[in-house]
């Protein structure tokens, strides 16, 4: 999907949950509170990317329904 989207005119950033956790949230544990915070941080980074004209593909593991988008 990233390669397909890169064919367009906008830069694409893949925000892999494990990589973001390692580089941006390494102090966090895997408790529910910290998992929620990690997903929130990924959302913030994604919003900054899109504000600057990019495309953000987010791939976190969000096992709790209250932090995933509603259907």
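The values are calculated or read from the model by the stated rules, or taken from the named source; none is laboratory data. Keep in mind the model is a prediction, meaning the values are calculated, not measured. Note that we place each Cβ from the backbone using ideal geometry, even for glycine, and neighbour counts take in every protein chain shown.
Here are the numbers for the structure shown:
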| read-out | value |
| --- | --- |
| Single residue of the stretch 7-17 satisfying the filter (surrounded by 11 or more Cβ atoms within 10 Å (Cβ to Cβ) and out of contact with any helix residue (DSSP H, G or I) (no Cβ under 7 Å at 6 or more places or on another chain)) that is modelled with the highest pLDDT | 16 |
| Residue check for residue 4: at pLDDT 90 or above, in a helix (DSSP H, G or I) and exposed (fewer than 13 other Cβ atoms within 10 Å of the Cβ) | no |
| Hits in the stretch 10-59 (condition: assigned to a loop (DSSP other than H, G, I, E, B) and free of Cβ contacts under 8 Å to residues at least 24 places away in the same chain) | 25, 26, 27, 28, 29, 30, 31, 52 |
